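Trainee: My questions all concern the structure below.
The values are calculated or read from the model by the stated rules, or taken from the named source; none is laboratory data. Note that this is a predicted model, so its numbers are computed, not measured. Using ideal geometry, Cβ is built from the backbone for each residue, glycine included, and neighbour counts are taken over all protein chains shown. Keep in mind that these areas ignore ligands, DNA and RNA; they rest on the heavy atoms of the full protein, side chains included. Shrake-Rupley method; radii C 1.70, N 1.55, O 1.52, S 1.80 Å.
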Amino acid sequence: MKLELHRIRISKLEFGSSTGVRNGVLTVNKDELEKFLLEDERLAGVSLDVAHPGESVRILPVKDAVEPRCKLSEGNEVFPGFIGDVDPVGEGKTLVLEGMAVLTTGRLVAPQEGIVDMSGPGAEYTPFSQTCNLVVVLEPSEEVKLHEAESVCRIAGLKAAHYLASRCKEAVLSQAVAADTVETFDAPALTEAMHAYPNLPKVAYIYMLQSQGLLHDTYVYGVDAKKILPTLISPTETMDGAIISGNCVSACDKNSTYVHQNNPVIKQLYARHGKELNFVGVIITNENVTLADKKRSSSYAVKLARMLGVEACVISEEGFGNPDADLVMNCWKAERAGIKTVLVTDEYAGRDGSSQSLADSCPEGNACVTAGNANMMITLPPMEKVIGDAPKADIIAGGFFGSLREDGSMEVEIQAILGATNELGFTRLGAYTI
Amino acid sequence: MAYRVVHYINQFFAGIGGEDKADHELEVREGVVGPGLALANALKGEAEIVATIICGDNFAAMHSEQVCAAVENACKQYQADLLLAGPAFNAGRYGTACGMVSSFVQKNVGIPAVTAMYKENPGVDIYKKDLYIVETGDSARGMGTAVPAMAKLALALLKGEQPSKEHGYIERGVRVNTFYDTCGAERAVTMLLKKIKGEPFTTEYPMPVFDRVEPRPAVKDMKSATIALVTSGGIVPKGNPDHIAASSAQNYGEYSLSGINDLTADKHQTAHGGYDQTYANQDADRVLPVDVLRDLEKEGVIGKLHEMWYATVGNGTSVANARRFGQEIGQKLKDAQVQAVILTST
Amino acid sequence: MMERRTLSGVVMRRMLLITNNRLFFGLCRPGLSVVAALEGCNDASTPLTSLDVVRIARDTIHRGWVLAHHPLYGNVRPRLQPFRTILLLEPERFVDGRPEPDLLSLHLISEAMTVYESERESLALVDAVPESLARDCAFLDAELMKETLAQAGVPATWSSDRTITCCRGQREGERL
């Protein structure tokens with residue numbers, strides 16, 4: 001499978017009469033997009049706003065971040081199972097509006113965070129302070145039950161992202177607008193992959209997906225990840241949105257759809273493919289709650305790695321708490337099968353940094369990269385503008401966010417900041433022991 | 001202008017006396033005392049020891065609130081920029097006292113504190129997450145290296161520098177966030193490649209290693225089993241004939257239960273300094289349930305209660321000592337063909 | 001694993017649901033006992049804390065009962081979730097008629113105790129959090145137990161006002 005990503009760099013977002021891109025500026029027809037999203041009757045209200053890097057803007061509670069993409073070639077559309085049909089993706093040509101993100105907000109439950117500060121100390125902790133953001137503020141109808149409300153918001157984000165990219169498709173196909181970069185990713189058949197680069201170690205990526213239940217789910221081709229057996233997926237499929245986030249809790253380390261689309265582990269493995277390693281494949285697995293499922297999935301994922309005959313695996317986790325048990329099982333089962341591992345995770349070492357960072361451990365986990373301690377406190381200054389739903393004082397008092405001061409500043413753990421300790425290793429944050 | 005430092009030491013290093021003077025009440029003297037002289041020299045004029053607090057180790061253990069308050073007052077009175085405590089080497093009560101006052105001062109006076117002790121000193125586990133503790137040898141023979149290390153670390157903290165591994169402090173076990181030069185994914189693949197090639201690499205998070213003990217199978221025939229009682233709750237014959245210390249115990253005792261069906265206030269007591277002794281002194285069965293086991297023996301539920309009991313004080317016990325006691329007591333019980341042990345702790 | 005073989009065929013293992021979440025108090029199914037973690041003995045009693053639930057589960061695991069699921073949540077710390085529900089299955093292995101503790105359950109519950117104990121000073125308490133938070137947290141606790149209950153053969157249906165509907169019959173409950 002071969003996929004070409006045609007990237008147009010977006011440096012500014014503005015509202016205008018017609019949705020399209022020109023000279024790096026994406027104009028959005030507000031009415032048209034709002035109307036399009038409101039076609040889903042389960043939404044009572046939609047409003048759009050924009051936020052640019054450096055502005056004094058706070059966006060919360062962010063539900064998901066999605067990068068606008070659409071197919072340029074024939075065949076299935078992106079986000080299979082939601083926008084696209086359920087047939088495979090990951091081939092042909094895909095248009096990417098780079099440098100921007102669609103951020104959906106909508107308070108589904110009281111305890112929900114997900115802060116993006118476009119400037120100030122908080123901006124350092126989220127990748128989305130660096131993107132031009134189209135914020136879609138969603139309000140599901142009151143009659144809609146929580147399951148559906150979550151689904152409605154999830155799909156709205158995908159629809160908005162797809163809409164933006166598809167409005168630029170014509171211009172790209174007619175060459176009125178040129179892509180800034182075109183990058184090709186090759187995912188050859190296993191017969192070829194196995195024999196390529198015989199002197200280089202074969203490496204696979206075990207990609208753990210959160211699948212605990214409502215607000216803690218991930219979807220693959222529209223299928224709830226808790227229902228899957230671990231399986232192979234081509235890295236190019238992830239670039240076409242085959243994996244979608246339904247995970248709304250724990251802003252710092254949930255994988256937003258955006259990071260699934262731009263998986264940095266896949267990016268790194270491709271970058272060093274053919275030079276230092278032979279990137280043979282990606283195994284997706286889940287993080288279910290029952291012990292039987294954990295046992296089955298970890299054994300199965302490692303079995304797939306053995307079937308691929310790989311020498312080593314990168315294993316990334318999503319979330320914390322009971323998924324730490326899955327991470328540890330994946331690790332020791334792989335290691336005992338003779339497959340070397342490196343783990344990518346984050347830490348919950350308490351506000352003073354002295355608690356045990358992971359809820360489980362194994363001596364085989366001797367190579368571990370972490371995205372930092374999520375419990376670290378930070379003071380976020382008040383922002384001139386808040387987009388979304390400002391936290392209610394009683395929720396703050398309930399200790400959920402941290403503490404909200406009268407002047408609008410907040411003292412929160414970085415856990416509340418979107419993508420702060422992303423466990424795909426998206427950011428440069430990490431930790432060390434003193 | 002030199003930084004002002006206050007120094008905390010115990011009765012032994014102040015030259016007042018040994019164990020017999022451990023109840024020495026806290027006092028404050030101007031200038032240096034004992035090892036303070038060497039410390040002052042090592043501070044090379046950049047900082048001076050303006051006052052020394054001397055306190056007996058037992059006094060510190062029994063009057064912790066009063067001692068902390070006194071140390072806080074002394075630091076404020078002498079306008080200290082930093083507190084130095086020790087070095088305590090392997091002296092458990094001294095190390096714990098140094099950790100206690102250092103941690104208190106850091107929190108309540110807001111100045112940095114530096115102490116020093118041997119890595120197995122019980123004060124380490126309790127206070128390392130709060131404090132920089134310079135690692136020393138296990139005896140005062142290590143004074144020559146401890147002093148310059150303490151001075152160096154103190155000066156670094158006074159100047160607002162971030163201490164590094166070179167300052168020789170015991171790892172605090174505290175995780176601190178930092179931004180690396182590259183993203184986590186890149187660091188992960190780099191680490192994996194090193195691991196594949198067998199090259200050395202450093203994990204960003206050392207997994208904690210748990211000293212897991214395999215549980216023994218359940219006792220099959222309880223009716224004929226000999227059950228022993230062992231406690232770290234400090235129950236000893238009245239008068240504490242083996243002088244087991246109220247904290248940082250260096251020994252355990254072996255005592256006979258022959259002819260004893262019930263522990264009483266006139267013949268038994270607790271030696272443990274870590275809890276209110278009133279109720280254990282009134283009736284030591286509350287911590288070492290001899291009376292209940294005698295009942296079970298009479299009723300035929302168990303075969304018999306082993307004729308010896310073993311006791312130590314589990315209060316700031318060093319891991320090394322605890323391990324040694326366990327192994328020795330375990331061996332004795334095994335030799336005596338005891339089937340099972342009831343371990344009580346407080 | 002959820003089943004037990006007997007001479008008369010395969011039966012579901014007996015189950016204990018230990019919880020401080022009122023949504024579960026009405027749950028009933030043959031073979032399932034709901035242990036309502038309450039202070040006092042009536043419906044109006046204050047629920048115990050999430051740490052208490054974990055402790056009761058630990059004590060029961062010491063008597064040989066087995067965890068059906070991991071006792072920690074994904075993504076939520078005890079400081080933020082006042083509820084905890086744990087499903088245990090009856091002991092599987094016996095030695096001389098006495099149940100033998102399951103080592104994996106022991107390991108997981110003691111790791112969970114460490115996490116809950118480390119936040120004991122700042123546990124979210126049912127009565128101390130704002131009402132909207134308590135309502136949503138109770139609902140989420142129940143949702144996250146759904147898959148485990150379903151695999152154990154206990155379907156839970158949710159009505160629109162977010163409470164569990166019980167089958168016709170009385171609530172089985174026992175206090176430990």
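Trainee: If contacts are Cα pairs under 8 angstrom and at least 6 residues apart, what is the relative contact order of chain B in percent?
Mentor: After rounding, I find 14 percent.
Trainee: Here is a further query. How big, on average over all directions, is the shadow cast by the Cα convex hull of the range A:224-342, in nm²?
Mentor: Here the figure is 7.2 nm², rounded to one decimal.
Trainee: Once the piece of chain linking B:D335 and B:T202 is laid out straight, how much longer is it, given 0.36 nm per residue of separation minus the C-alpha distance between them?
Mentor: 43.3 nm
Trainee: Considering only DSSP beta bridges where both residues belong to chain A, give the percentage that are antiparallel (nearest 5).
Mentor: Percentage antiparallel, nearest 5: 50.
Trainee: While we're looking at this one, here's another question. Would you kindly work out the equivalent ellipsoid of the range A:125-239 from its C-alpha gyration tensor and give its semi-axes, the square roots of five times the eigenvalues, largest first in whole Å?
Mentor: Working from the Cα gyration tensor, I get semi-axes of 32, 26, 14 Å.
Trainee: To continue, here is another question. Calculate, in whole percent, how much of the Cα-Cα pair population of the range C:3-165 lies beyond 22 Å.
Mentor: Of all Cα-Cα pairs in the range C:3-165, 42 percent lie more than 22 Å apart.
Trainee: Continuing with this model, one more query. If you bin the C-alpha pair distances of the range B:222-344 every 10 Å from 0, what whole percents do you get?
Mentor: 14, 46, 33, 7
Trainee: Still on this structure, please answer the following. Distance check, please: which entries in A:K63/A:K303; A:K30/A:K93; A:K340/C:K146 exceed 32 angstrom between their Cα atoms?
Mentor: Over 32 Å Cα-Cα: A:K63/A:K303; A:K340/C:K146.
Trainee: Share of the range C:3-165's accessible area from carbon and sulfur, percent, 1.4 Å?
Mentor: With neighbouring chains kept in place, the figure for the range C:3-165 is 53 percent.
Trainee: Continuing with the same structure: Give me the accessible area per residue for the protein assembly as shown, probe 1.4 Å, as a whole number in Å².
Mentor: About 41 Å² of surface per residue is accessible.
Trainee: Shifting gears a bit: Once Rh for the protein assembly as shown is found with the Kirkwood sum over Cα pairs, what is the Stokes-Einstein diffusion coefficient at 37 °C and 0.692 mPa s, in µm²/s?
Mentor: D, rounded to a whole number, is 105 µm²/s.
Trainee: Determine Rg/Rh for the range B:3-167; Rg is computed over alpha-carbon atoms and Rh is the Kirkwood hydrodynamic estimate from the same atoms.
Mentor: Rounded to two decimals, Rg/Rh equals 0.92.
Trainee: Please list, ordered by chain and number, the residues whose modelled amide H lies under 5 Å from the amide H of A:D346; skip anything fewer than 5 residues away on the same chain.
Mentor: Amide H neighbours of A:D346, under 5 Å, 5+ apart: A:A371.
Trainee: Check which residues have an amide H placed less than 5 Å from A:A44's amide H, if you skip close sequence neighbours.
Mentor: A:E139, A:S141
Trainee: Taking only Cα atoms of chain A, what ratio of Rg to Rh do you get with Rh as the Kirkwood inverse-distance radius?
Mentor: 0.96
Trainee: Still on this structure, I have one more. How large is the charge dipole for chain A, taken about the Cα centre, if only the Cβ atoms of Lys, Arg (+1) and Asp, Glu (-1) carry charge, to the nearest 20 debye?
Mentor: Here chain A has a charge dipole of around 1020 debye.
Trainee: Under 10 Å, Cα contacts only: if you run a Gaussian network model on chain B, which one of B:E120, B:E214, B:E30 comes out with the highest mean-square fluctuation?
Mentor: B:E214
Trainee: Would you mind giving the three semi-axes, in whole Å and largest first, of the ellipsoid equivalent to chain B according to its Cα gyration tensor?
Mentor: That gives 44, 30, 15 Å for the three semi-axes.
Trainee: Return the subset of B:K129/B:K194; A:K226/A:K385; A:K2/A:K159 for which the Cα-Cα distance in this structure is over 28 Å, preserving the input order.
Mentor: Violating the 28 Å Cα-Cα cut-off are B:K129/B:K194; A:K226/A:K385.
Trainee: Need one number: buried accessible surface between chains A and B, 1.4 Å probe, both sides summed, DNA, RNA and ligands left out, in Å² to 100.
Mentor: In total, this chain pair buries about 4100 Å².
Trainee: Quick one: what are the phi-derived ³J(HN,Hα) couplings along the range A:90-105, Karplus 6.51/-1.76/1.60 with θ = phi - 60°, whole Hz, x for glycine and proline?
Mentor: Listing the rounded values in order: x, 10, x, 10, 10, 8, 10, 8, 7, x, 9, 8, 8, 10, 9, 10 Hz.
Trainee: Separate question: Under the rule of at least 5 residues apart or a separate chain, name every residue whose amide H is placed under 5 Å from the amide H of B:I133.
Mentor: B:I170
Trainee: Ignoring everything but the protein chains, give the 1.4 Å probe accessible area of A:R405 in square angstrom, nearest 10.
Mentor: Probe radius 1.4 Å; accessible area of A:R405 about 100 Å².
Trainee: Sticking with this structure for a sec: Name the residues of the range A:201-232 whose accessible area falls by at least 20 Å² when all protein chains are present instead of the chain alone, probe 1.4 Å?
Mentor: Residues passing the criterion (a loss of at least 20 Å², heavy atoms only) are A:P201, A:Q212, A:L214, A:H216, A:K226.
Trainee: What ³J(HN,Hα) values, in whole Hz, does the Karplus curve 6.51 cos²θ - 1.76 cosθ + 1.60 give for the range B:194-210 when θ = phi - 60°, with x put for Gly and Pro?
Mentor: 5, 5, 4, 7, x, 7, x, 9, 10, 5, 7, 9, x, 5, x, 9, 9
Trainee: Out of all DSSP beta bridges in chain B, what portion is antiparallel? Express it as a percent rounded to 5.
Mentor: For chain B, the DSSP antiparallel bridge percentage is about 30.
Trainee: Please compute the contact order of chain A in relative form: average sequence separation of alpha-carbon pairs under 8 Å and at least six residues apart, divided by the residue count, as a percent.
Mentor: 19
Trainee: Specify the inter-centroid distance of the range B:4-27 and the range B:181-217, based on alpha-carbon positions, in whole Å.
Mentor: 45
Trainee: Apply the Karplus parameterisation 6.51 cos²θ - 1.76 cosθ + 1.60, with θ equal to phi minus 60°, to every residue of the range B:277-289 and state each ³J(HN,Hα) to the nearest whole Hz, in sequence, with x for glycine and proline.
Mentor: 7, 3, 6, 6, 5, 4, 8, 5, 4, 5, 9, 10, x
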